[in-house]
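Single-structure report; data block below.
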């Protein structure tokens, strides 16, 4: 297969447009804001994103390379099918649930990052510990989507994948470093528009290819590999619901989402943007569903791809670029590659900005160097972008294992961070003791459940744990169970600690987290004297 010169030229043009947009947005960030700090401009864009830009950049939070590739892959897989595609419904629910419950309390208090309410409620030290799963999730996410782009480029352009990883990573780092959220938001607009147009242009050509059977027929009839609509076996219903809950609720406790929410000019605009993003997110899944259906309805022996099929070659994870390459004209497949590149970059810049924002603002400024100037924090933020981006590019060469690690870290965010955020925003009286106990217990409980993708056998066999191809699979909804246990643990331990200290069952000297000593220091003098008297007696 020879180098695809037109495709290479098209990709270079797209990258140039993206970089130019990012640099223009960086210039705009410096020129348009006079009364905001540089850190606030970089992290939340001066809180003045209009609803159009806000809609596109919020949608791009989860509509990325893994989204459009993953949906097509699940639809194509004979063991899965459309019935197992959770992403459009799950992420749409994320935006809608976020708009109903989380947007107003976050935006109305003018928080800068998602970690602010956690540090405010549980203390700076505990907040820094809660930062770890979020950091790992962002780095592994950055790496996995760069890896997917590298594999796609190698299929369509016949160019070494590592070149695409390096060029894409450096481009994202450069414009994100210079313009912060402004660059990310405005490039998201370009990337999402390009994604919408390119994918919808590719779909008719794939559907009408002579090697493809009518997808309405193959949806319910077994032809090449079985009905692509799929089915949910009775014993897998709990697992299906668990995955849906994981995507719907687990997608909320991420800085990439709240970064857009906090950048809106008002709470009302943030809520409207989140609602509309949920709708657009679901719509963006339709082209990938159709492409996956086309792949399942194609006689590959009639194409230059030949036999064995992508499923038999274990190339199901690359089914979207394979369809674009072998079922669409060259020019159209190049446009599809641009869509994938756009999707990848829209996700990569979000994760990079997310991790660096929280590290610079919540870890460096609030914990390590509280007197740091605004300029110093901005420099640390830019330095962390380079370091984290470089680490992500290095990890991208591990490909599949990186994606599995991201999925596991995403589950940790769901099981550990989501309950913490709920308590910080909605349940008064929760404290650092409950937070620490919840984090530790939830982490251990999740690891005991095992992870089939990483070949980690479960030490704790929930009801319905079965052995499939020498790998244990948990059919019990253990991810949601772990999240609920973490939530209950946080509340119970917080109120238990409050009872023990405030009733003087435990001496105040044992309050190592300095939670209740602060409260007693604010109490009236007569109440303090009474407590001292009780302790002396």
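Every number here is computed from the coordinates shown, using simple stated rules; none is lab data. Quick caveat, the model's predicted, so the values are computed rather than measured. Positions of Cβ are generated from backbone atoms using ideal geometry, with glycine treated the same way; all protein chains shown enter the neighbour counts.
What do you get for the angle between helix 400-412 and the principal long axis of the chain? Use alpha-carbon atoms, 0 to 90 degrees, nearest ten.
Helix 400-412 sits at roughly 40 degrees to that axis.
Once each part is reduced to its C-alpha centroid, what is the distance from region 406-433 to region 201-265 in angstrom?
Region 406-433 and region 201-265 have Cα centres separated by 27 Å.
Calculate the spin-label point distance for residue 488 paired with residue 193, positioning each point 7 Å from the Cα along the beta-carbon direction, and give it in nanometres.
Here the modelled spin labels are 5.1 nm apart.
Can you give me the angle between helix 432-448 and the longest principal axis of the chain, using Cα atoms only, in degrees from 0 to 90, rounded to the nearest 10?
With both axes taken from Cα atoms, the answer is about 40 degrees.
Under 16 Å from a point placed 7 Å out from the Cα of residue 51 along the Cα-to-Cβ direction: which residues of region 263-305 have their backbone N that close?
Hits in region 263-305 for residue 51 at 16 Å: 264-280.
Give the peptides 428-440, 382-394 in descending order of average Cβ contacts within 10 Å, highest first.
Those peptides, ordered most packed to least, come out 428-440, 382-394.
Once both axes come from the Cα atoms, what is the angle between helix 374-396 and the longest principal axis of the chain, in degrees from 0 to 90, rounded to 10?
Relative to the chain, helix 374-396 is tipped by roughly 40 degrees.
Ranking request for peptides 241-250, 291-300: highest mean number of other beta-carbon atoms within 10 Å first, then the rest in descending order. Intermediate results must be reported in sequence, preceding the final value.
Details: 241-250: 19.7, 291-300: 26.0.
Top to bottom by mean Cβ count within 10 Å: 291-300, 241-250.
What FRET efficiency comes out for the pair residue 471/residue 314, r = Cβ-Cβ distance, R0 = 22 Å, nearest 0.05? All intermediate terms of the calculation are to be shown ahead of the outcome.
Values: r = 16 Å, r/R0 = 0.72.
After rounding to 0.05, the efficiency reads 0.90.
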